[in-house]
Amino acid sequence: LVVSAAVYIASRSGAGNFFEGDIASLSVFDKVLSDSEINRIYRSGVETRGLYKSNGNLQGWYTLDKDVSSDGDIEDLSGKGRTGAMPLASDRPAFSTSFPALPIARGSATFNGTTTLINIGGTEDWDSVVGSTGSPRLTVAAWVKPAGKGENNTGRIFDIIKGIYAFN
């Protein structure tokens, strides 16, 4: 079990199944979070910053609360250095301050369901997280507001190609 391609927010393999809607504060953990850990994230809103920084299992954290519609990258606040990139101008999501409302987040990335995506690394960045043997455990947490079903009615929120780790 290895990551076989780049890892994306809002697209499958960067080539299809684009998500349509808003995503804020997407985080990836290298374990299955407990009910109490999930509740802490849910109840924390923007105060989640302290909670996340103290979690050794956090592997990627993208607040998506800054406007990168014309330039800039998406910072990985986990400290793991998996910066989000948009290689083409057409990849760049729009920015919204209407979802989610404070205290959850200060804004969100708005994906159009046809071209917008964020590349958050390749096999060299994620293989060690997913692992090459056994059954990898991941938790992906995000605030999501779909505006539609996305491309082909299967818009992806997060995609890590392993056959079983694509979150619609």
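Bear in mind that the values in this text are calculations on the coordinates, not laboratory data. Fair warning: this is a prediction, and the values are worked out from it, not measured in the lab. Neighbour counts run over all protein chains shown; Cβ positions are idealised from the backbone, glycine included.
Quick notes
- Remark on Phe95: its backbone amide H falls under 5 Å from those of Thr110, a criterion applied only to residues 5 or more positions apart or on other chains, H modelled at 1.01 Å from N.
- Environment charge at Ala147 (Cβ cut-off 10 Å; Lys +1, Arg +1, Asp -1, Glu -1): 0
- Cβ-Cβ distance of Thr123 and Leu88, R₀ of 22 Å, FRET efficiency by 1/(1 + (r/R0)^6): the value works out to about 0.55.
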